[in-house]
Amino acid sequence: MKLKFNPKNLIAYVKISLIVLLAAIAVFVCAQAYSVLDDRLPDYISLVVCCAALIAVEAVNLFAIKSFAAKMVFFGFDSALLLAVCILTGDSVLSALYCIVLTGCYISVERFRDRTVLFGFSCGMYTASFVGGWVIRNAGLPLYSSVMQVLSGVLFGLLFMAVDYIVVQFLIKFYRTNAELRKALKEADESKAQLEEVFNQLTRTRVYEERNRIAKDIHDNAGHSMTTVIMQTEAAKLLIDDNPAEAKNRIISANIQARNALEQMRQSVHLLAGREQTRSLKEEVQEIIAQTIDGTDIKARYDMCEVQTDPDSFRFICNAVKELLANGIRHGGATAFYIELKQVFGEIQLIISDNGSGVSGEIEEGFGLKGMREKAEALGGKCVYTSEQGEGFEADITLPLKEKK
């Protein structure tokens, strides 16, 4: 049989060891008493029966009895049997037998208070057994000699039992503390495994969400820009003979949209590759402006401060600048822009105005303007458009300042 020492079955092995040790001492007592009681066969048979009964009662007490009250009853039977053994053989092994029996009781009792009560009760029973057995076997000895022998025997036995009690309590405390630590470590390992699984699931979910967001950015921005490029170039082909100037404007607008789409796709690819944003928001907006007016007669003036914000707001501001510049050129025929980016009282403010044709009456939001306003509101900000006929168009975007993570 392969032994497995763990907190669950170690106590069972200890109990078995105690029964084996008790049986070995009982055999030793019976063998030692054989030469003394060979002429008193009934006494020897009584000794053998008492030893066998002591082993049986202790085994039942260790493996079958659970309640403390029942254990005390069985311990009373043990004490009676020990008294009989003491009377028949003397007191040479009485304290050792008591310690074995008590050790088995100690490891079966959960509470420290109950073990202490058991120890006190056993001290009384041991004293009574020792004194009673000694008086029966040594009646007629002088009083002084009797008192000294009884006192020395009782004190030695009680000291031996006290040492056994202290050592066993320490071992029980050590064992239970170790078992609690094992249990705590096991629970900690299980919790760690669960947390790692949850973390992995959250990581996978975050990756999927980020991929979906990037795909949506490509679809909403680059896809929209490429559709506009196709429409502008188709219109330019139709106008190139009858209205070359308008065809040129359409081609310029298509060129701007194509550049914006290319830049958006580059950013998305960088995000998919796990690259971090290296340029600041101010530098990114300046680059967008430069790409938009490069090779054209369009002018741009700007006043921008360094602003640190979270990635979502960063991307939204960049996309908003692209959208508003493209709209001003394509729909308003703007030739000059003013861009202002600043931080005011815990908010980011982006203002873009142009000198285009403007809008008379209520502004009708198309796909781009509506999407910008909804995205600003989703980020906790707002987007306000103002325009008058012949006075150009202005967008005022305000976002809460968030920490860059």
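The values are calculated or read from the model by the stated rules, or taken from the named source; none is laboratory data. In this text, all values refer to a predicted model and were calculated from it rather than measured experimentally. Neighbour counts are summed over all protein chains in view; Cβ atoms, including those assigned to glycine, are modelled from backbone coordinates with ideal geometry. Calculation scope for accessible area: heavy atoms of the full protein, side chains included, ligands and nucleic acids excluded. Shrake-Rupley method; radii C 1.70, N 1.55, O 1.52, S 1.80 Å.
Every listed requirement among (1) modelled with pLDDT under 80; (2) within 30 Å of Lys237 (Cβ to Cβ); (3) assigned to a helix (DSSP H, G or I) is met by Lys248 save one, (1). The set of residues from segment 50-70 being without any contact (Cβ under 8 Å) to a residue 24 or more places away in the chain and either touching a Phe, Trp or Tyr at 6+ places or on another chain (Cβ under 6 Å) or within 16 Å of Leu97 (Cα to Cα) (or both) comprises just one member, Ala56. If the condition is being in contact with a Phe, Trp or Tyr (Cβ under 9 Å, 6 or more places away or on another chain), open to solvent by 30 Å² or more (accessible area, probe 1.4 Å) and modelled with pLDDT of 80 or more, then segment 110-153 contributes Arg111, Thr116, Val117, Phe119, Phe121.
Look at segment 190-216: where a residue is surrounded by 10 or more Cβ atoms within 10 Å (Cβ to Cβ) and a partner is assigned to a helix (DSSP H, G or I), sitting 6+ places away or on another chain with Cβ atoms under 7 Å, you get Ile214/Ser268; Ile214/Leu271; Ile214/Leu272.
Of the residues making up segment 350-372, those that are over 21 Å from Ile289 (Cα atoms), of a type in the set (D, E, K, R) and not in a loop (DSSP other than H, G, I, E, B) number 1.
The set of residues in segment 353-385 being open to solvent by 50 Å² or more (accessible area, probe 1.4 Å), aliphatic (A, V, I, L, M) and within 45 Å of the chain's Cα centre (by Cα) consists of Ala378 alone. Examine segment 292-308 for a residue that is assigned to a loop (DSSP other than H, G, I, E, B), under 45 Å from the mean Cα position of the chain (by Cα), acidic (Asp, Glu) and at pLDDT 85 or above, and state whether such a residue exists. Yes, segment 292-308 contains at least one residue that is assigned to a loop (DSSP other than H, G, I, E, B), under 45 Å from the mean Cα position of the chain (by Cα), acidic (Asp, Glu) and at pLDDT 85 or above. Summed over segment 154-189, residues that are under 23 Å from the mean Cα position of the chain (by Cα) and either surrounded by 14 or more Cβ atoms within 10 Å (Cβ to Cβ) or acidic (Asp, Glu) (or both) total 4.
Exactly one residue out of Phe68, Phe63 is within 53 Å of the chain's Cα centre (by Cα), closer than 15 Å to Leu18 by Cβ, modelled with pLDDT under 80 and of a type in the set (A, V, I, L, M, F, W, C), and it is Phe63. Only residues that are at pLDDT 80 or above and part of a loop (DSSP other than H, G, I, E, B): list them for segment 32-57, please. None - no residue of segment 32-57 is at pLDDT 80 or above and part of a loop (DSSP other than H, G, I, E, B), so the list stays empty. Checked against (1) open to solvent by less than 70 Å² (accessible area, probe 1.4 Å); (2) at pLDDT below 75; (3) of a type in the set (Lys, Arg), Lys4 passes all but a single condition, namely (1). Only one entry in Ala320, Ala334, Ala326, Ala395 is touching a residue at least 24 places away in the same chain (Cβ under 8 Å), assigned to a loop (DSSP other than H, G, I, E, B) and crowded, with 20+ Cβ neighbours inside 10 Å, namely Ala334.
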